[in-house]
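The next block holds one structure in the form of structure tokens; read it before the comments.
The values are calculated or read from the model by the stated rules, or taken from the named source; none is laboratory data. Small disclaimer: the values here were computed from a predicted structure and weren't measured. With ideal geometry, Cβ positions are generated from the backbone for all residues, glycine too; neighbour counts draw on all protein chains shown.
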Amino acid sequence: MNPRKVLQVASREFLSTAATKAFVFGVLILPAMMSVLIFVLPRVMTATPPAVRGRVLVIDPTGRLVPSLAEALSPEAFIERSRELKEKIRKATEDRLPAPLIDQAERQGAFEQALGTVPQLVVEPLPPGEDVEHAKRALREKEDDEPRVLAVVQIDPDAVEPAGDGTYGAYALFLRKGVDDRITEQIERAVRDAIVDERVAGRGLDADELRVLMRVRGARTVTITETGERETNEILKAMLPMAFFMLLWIPVITGGQYLMTTTIEEKSSRVVEVLLSAVSSLELMTGKILGQMAVGLLLLAIYGGLGVAGLAAFAMLGLVDLSLLFYLAVFFVITYFVIAALMGAIGAAVTDLREAQALLGPVMIVLMIPLMLWFWIMREPDSMFAVVASFIPPVNMFVMMLRMTSSAPPPTWQVWLSILVGVLAVFGALWAAAKVFRIGLLLHGKPPTFRTLIRWIRMA
Amino acid sequence: MERAIRMRGVRKTFGSKVALDGLELEVPQGAVWGLIGPNGAGKTTALRIVMAILFPDDGEVEVLGRASALEARDRIGYLPEERGVYRKLKVRTFLRHIGILKGMSRRGLDEKIEGWLERVDLGDVGRKKLEELSKGMQQKVQFIATVQHEPDLLILDEPFSGLDPVNMRLLRELIDEQHARGATVLFSTHVMQQAEELCEHVVMIDEGRKVLDDSVPEIRRQFDLRTILYEPMHDDPGEARLAALPMIQRVRRHQERWELHLAEGADPADAMRALVDLAPPALLEVHRPSLEDVFVEIVGQRRSAEERERLRRELAGAAVDGRDS
């Protein structure tokens, strides 16, 4: 094998894939979409808060709820609750999310977004005997002059004091079409609180005191490791296996797909025979696989780098065991070689993408298995299925990655055994692919079946 | 003399089909040889085996003194029948890529490529993508890719098929130029006229077997079919009177023209004098056999009359298609 030629093929392969607008767009679109989801979308949504002004009509046969309802739905109460909630969210997330992230969320108005803007509601009591049908009519009317009637609350007579059989009544809420659900929630909550407060007061108890008694602050979770204690971050911990899985999956599949496509292009454009007059089929295959591996590594570096940079920015690098990054790289190389050999062989065997689909189908189904079962593997990383699957190429590295990032990592010997199996699979796959390459590249016409491919492998 | 190519007992099968059946071939260095035969005769397979793109089931191949073309790839220029390019690549990048794969040094490569592009009147397309070029221009780029590394051996598979007249002349000039430089040229064609015009020596293959291997003048001498073409000026003497001449063995009408096959031992000069006496001719000539005639004569023995006719049509039709001017 001539290394200079292999490198030339590899660099051509890399440039023809990575130095295209389509690739740059494709690579950037994923992080771009994610940042749109995380950062931009909330901003756009909060940019146009609903300016709610309106009246809430209350039919209260108990005669005790209107003052507290009016107070609870006053703008001042909304602001106060918003401030309290903000504090509460900060307290609750402090344990789970790092402070910089909360500050950022606050700056971006995530809390206001969660709460909505302060509504201007006026509570209007109706006479206890008022016909509810008459009140409801106000909800249907198109009143051009503000404030409109937004809701009608009808309290049951036995909502505060129980009826003869000891059961409490409730209330009915009638809404105008199109009322913001956050407003609805606030009204419901105000009515509920008002009823509960009145009931509690009826028993001679203090509602505020009761609320304090019923609250337990969020607990701090710490994982004890051999080397020390590590703050356990439940949210990010749950995301970690998926992140690593995707870091392995996306570059491998992308590199493999590109390899197949460029091989088919070279074959169908007949440029391959010119190439084969200058390099051997093995040199060509090696160069192409290495070139696309560089593409995969570039993707891995971009996405993985973004992830690590993100963690570092929030001082959470401790969350990730750095040896995982090493294993990620090793797993990538092994899985990539196996998948690339398969996809390259398919590309060499067929004449166009349509024919490739038929052969690609079973390969993709096999590769989808860890993706479809990742949830179960995560939940039971030591189950028979997970252990066996982590020794079966080509999915072994994916499954192993999930297990290693799970709450119950496998023993080291299993990891290295899986790597050994992977390396053997690499040699097997490259050997078989080289044979298919040698025969398939110059054959045109009827697309081969899997049986034909196996015959080529045995024959060449 | 040194051999550029030597094939011994090369056999190649694809499934049940025998593509080459014990092919023997020896091409001396510096020669221009033609590999001729109808479509499907095994020409492309033979050339691919020489290039070590395909491997024989049996037999030996020696190229430029090496056991395989794999060891001499950079000294060979190959123009396959199906000539492909990277459509999305710029002309210069494509030539650079192929040049480096052919072992050319990166230093000075761009200047060489520029020189070649100027040489074939494509000086201004170096930065264009290949897909923006006309088919004729792409063909020129393919020629450059084949010869830019100044190979010792040029292997051209049906090089003239699909070329426009201008490119056909250009390719012929390139071949002559490479030959003058000392390169050995082996090309295949199913158009006999091209082989006649270009080659010193032809090898005919049919159904994977070599049926003829000789120099062009020698073939002409051996296969002198002793035919006289005759076209009367005014009155046609008719088949009966022509066949009655003692030196004429067989008579065949071909439109306005008669093809008269001479009897064994007859002198063509006597026959022509007799024809002038019979009826003044508008045309009278001794027909020189073309390679096409020779080929049909040789391989026709193993074919039915119907197959012979089909073969003649193929070679003649192709000859008309491939005629360059």
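Okay, residues lined up against (1) at pLDDT 95 or above; (2) in a helix (DSSP H, G or I); (3) surrounded by 24 or more Cβ atoms within 10 Å (Cβ to Cβ); (4) away from chain B (no Cβ under 13 Å):
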site: A:251; (1), (2), (3), (4): no, yes, yes, yes
site: A:255; (1), (2), (3), (4): no, yes, yes, yes
site: A:262; (1), (2), (3), (4): no, yes, no, no
site: A:265; (1), (2), (3), (4): no, yes, no, no
site: A:273; (1), (2), (3), (4): no, yes, no, no
site: A:286; (1), (2), (3), (4): no, yes, no, yes
site: A:291; (1), (2), (3), (4): yes, yes, yes, no
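Pairs meeting the criteria (first residue in the stretch B:159-174 and touching a residue at least 24 places away in the same chain (Cβ under 8 Å) and in the same structural domain as residue B:119 (by TED's automatic domain parsing), second residue in a loop (DSSP other than H, G, I, E, B) and polar (S, T, N, Q), beta carbons under 6 Å, at least 6 apart or on different chains) are B:165/B:325.
On the given criteria, is residue A:153 in contact with a strand residue (DSSP E or B) (Cβ under 9 Å, 6 or more places away or on another chain) and closer than 17 Å to residue A:54 by Cβ? Before the answer, list the steps.
Working: in contact with a strand residue (DSSP E or B) (Cβ under 9 Å, 6 or more places away or on another chain): yes; closer than 17 Å to residue A:54 by Cβ: yes.
The answer is yes for residue A:153.
For the stretch A:187-205, a residue qualifies if it is within 25 Å of residue A:123 (Cα to Cα) and out of contact with any strand residue (DSSP E or B) (no Cβ under 8 Å at 6 or more places or on another chain), and the qualifying residues are A:189, A:190, A:192, A:193, A:194, A:196, A:197, A:198, A:199, A:200, A:201, A:202.
Given the residues A:391, A:437, A:385, A:427, which is the only one that is in a helix (DSSP H, G or I), in the same structural domain as residue A:323 (by TED's automatic domain parsing), within 29 Å of the chain's Cα centre (by Cα) and not β-branched (Val, Ile, Thr)?
Unique residue meeting the criteria: A:385.
Total residues in the stretch A:409-421 satisfying the condition of being surrounded by fewer than 18 Cβ atoms within 10 Å (Cβ to Cβ) and touching a Ser or Thr at 6+ places or on another chain (Cβ under 8 Å): the figure is 1. Scanning the stretch B:162-198 for residues that are in a helix (DSSP H, G or I) and in contact with a Pro (Cβ under 7 Å, 6 or more places away or on another chain) gives a single hit, B:171.
If I filter the stretch A:183-198 for residues that are surrounded by fewer than 16 Cβ atoms within 10 Å (Cβ to Cβ), among the polar types (S, T, N, Q) and either at pLDDT below 85 or assigned to a helix (DSSP H, G or I) (or both), do I get at least one hit? Taking every residue of the stretch A:183-198 in turn, at least one turns out to be surrounded by fewer than 16 Cβ atoms within 10 Å (Cβ to Cβ), among the polar types (S, T, N, Q) and either at pLDDT below 85 or assigned to a helix (DSSP H, G or I) (or both).
Being at pLDDT below 90, closer than 27 Å to residue B:191 by Cα and more than 12 Å from chain A (Cβ to nearest Cβ) narrows it down to one of B:4, B:41, so name that one. Even if it seems obvious, please write down each step before you answer.
On the way: B:4 fails: at pLDDT below 90.
Being at pLDDT below 90, closer than 27 Å to residue B:191 by Cα and more than 12 Å from chain A (Cβ to nearest Cβ) holds for just one of B:4, B:41, which is B:41.
Scanning the stretch A:335-380 for residues that are of a type in the set (D, E, K, R), in contact (Cβ under 8 Å) with a residue 24 or more places away in the chain and assigned to a helix (DSSP H, G or I) yields a single hit, A:355.
Does residue B:98 satisfy being closer than 15 Å to residue B:145 by Cα and over 23 Å from the mean Cα position of the chain (by Cα)? The answer is yes for residue B:98. Considering the conditions (1) of a type in the set (S, T, N, Q); (2) more than 14 Å from chain A (Cβ to nearest Cβ); (3) farther than 21 Å from residue B:149 by Cα, residue B:29 is excluded by exactly one of them, (3). Screening the stretch B:222-294 for strands (runs of 3 or more DSSP E) wholly inside it with 3 or more residues that are touching a residue at least 12 places away in the same chain (Cβ under 8 Å), closer than 26 Å to residue B:312 by Cβ and touching a Lys or Arg at 6+ places or on another chain (Cβ under 8 Å) returns the ranges B:227-232, B:257-262. On inspection, residue B:275 qualifies as among the hydrophobic types (A, V, I, L, M, F, W, C) and touching a Pro at 6+ places or on another chain (Cβ under 9 Å).
Selection within the stretch B:82-93: residues that are touching a helix residue (DSSP H, G or I) at 6+ places or on another chain (Cβ under 6 Å) and closer than 19 Å to residue B:48 by Cα. The member of this set that is surrounded by the fewest Cβ atoms within 10 Å (Cβ to Cβ) is B:84.
Picking from B:54, B:35, B:47, which residue would you name as being assigned by TED's automatic domain parsing to the domain that holds residue B:117, in contact with a helix residue (DSSP H, G or I) (Cβ under 6 Å, 6 or more places away or on another chain) and either surrounded by fewer than 22 Cβ atoms within 10 Å (Cβ to Cβ) or in a helix (DSSP H, G or I) (or both)? Of the residues listed, the single one that is assigned by TED's automatic domain parsing to the domain that holds residue B:117, in contact with a helix residue (DSSP H, G or I) (Cβ under 6 Å, 6 or more places away or on another chain) and either surrounded by fewer than 22 Cβ atoms within 10 Å (Cβ to Cβ) or in a helix (DSSP H, G or I) (or both) is B:54.
Among the residues of the stretch B:16-27, is there at least one that is within 30 Å of residue B:140 (Cα to Cα), hydrophobic (A, V, I, L, M, F, W, C) and either in a helix (DSSP H, G or I) or at pLDDT below 90 (or both)? Looking through the stretch B:16-27, none of the residues is within 30 Å of residue B:140 (Cα to Cα), hydrophobic (A, V, I, L, M, F, W, C) and either in a helix (DSSP H, G or I) or at pLDDT below 90 (or both).
For the stretch A:422-434, a residue qualifies if it is over 15 Å from residue A:339 (Cβ atoms) and either surrounded by fewer than 20 Cβ atoms within 10 Å (Cβ to Cβ) or of a type in the set (S, T, N, Q) (or both), and the qualifying residues are A:424, A:431.
Being charged (D, E, K, R) and either in contact with a strand residue (DSSP E or B) (Cβ under 8 Å, 6 or more places away or on another chain) or at pLDDT below 85 (or both), is that true of even one residue in the stretch A:399-420? Even if it seems obvious, please write down each step before you answer.
Taking the stretch A:399-420 first, the residues charged (D, E, K, R) are A:403.
Retained after the next criterion (residues that are either in contact with a strand residue (DSSP E or B) (Cβ under 8 Å, 6 or more places away or on another chain) or at pLDDT below 85 (or both)): none.
Within the stretch A:399-420, not a single residue is charged (D, E, K, R) and either in contact with a strand residue (DSSP E or B) (Cβ under 8 Å, 6 or more places away or on another chain) or at pLDDT below 85 (or both).
This table checks each residue for (1) assigned to a strand (DSSP E or B); (2) farther than 20 Å from residue B:189 by Cα; (3) in contact with a strand residue (DSSP E or B) (Cβ under 7 Å, 6 or more places away or on another chain).
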{"position": "B:8", "(1), (2), (3)": "yes, yes, yes"}
{"position": "B:62", "(1), (2), (3)": "yes, yes, yes"}
{"position": "B:81", "(1), (2), (3)": "no, no, yes"}
{"position": "B:88", "(1), (2), (3)": "no, yes, yes"}
{"position": "B:92", "(1), (2), (3)": "no, yes, no"}
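Of the residues contained in the stretch B:101-120, one or more are found to be charged (D, E, K, R) and farther than 24 Å from residue A:12 by Cα.
Inspect the stretch B:9-19 for any residue being within 18 Å of residue B:206 (Cβ to Cβ) and of a type in the set (Phe, Trp, Tyr) and give the result as yes or no. Break it down stepwise before answering.
We begin by selecting, within the stretch B:9-19, every residue within 18 Å of residue B:206 (Cβ to Cβ); these are B:9-14, B:17-19.
Restricting the remaining residues to those that are of a type in the set (Phe, Trp, Tyr) gives B:14.
Yes: the stretch B:9-19 contains one or more residues that are within 18 Å of residue B:206 (Cβ to Cβ) and of a type in the set (Phe, Trp, Tyr).
Considered as a group, the residues in the stretch B:67-82 that are at pLDDT below 90 and over 16 Å from residue A:438 (Cβ atoms) include one that is farthest from the other protein chains (Cβ to nearest Cβ), and that residue is B:67.
Within the stretch B:202-221, restricting attention to residues that are charged (D, E, K, R) and touching a Lys or Arg at 6+ places or on another chain (Cβ under 9 Å), the residue that is nearest to residue B:289 (Cα to Cα) is B:220. Please go through the stretch A:66-90 and pick out each residue that is part of a helix (DSSP H, G or I), in contact with a helix residue (DSSP H, G or I) (Cβ under 6 Å, 6 or more places away or on another chain) and buried (at least 18 other Cβ atoms within 10 Å of the Cβ). Once the filter is applied, which keeps residues that are part of a helix (DSSP H, G or I), in contact with a helix residue (DSSP H, G or I) (Cβ under 6 Å, 6 or more places away or on another chain) and buried (at least 18 other Cβ atoms within 10 Å of the Cβ), the stretch A:66-90 yields A:68, A:69, A:72.
Summed over the stretch B:94-134, residues that are within 11 Å of another protein chain (Cβ to nearest Cβ), in a helix (DSSP H, G or I), surrounded by fewer than 17 Cβ atoms within 10 Å (Cβ to Cβ) and without any contact (Cβ under 8 Å) to a residue 40 or more places away in the chain total 0.
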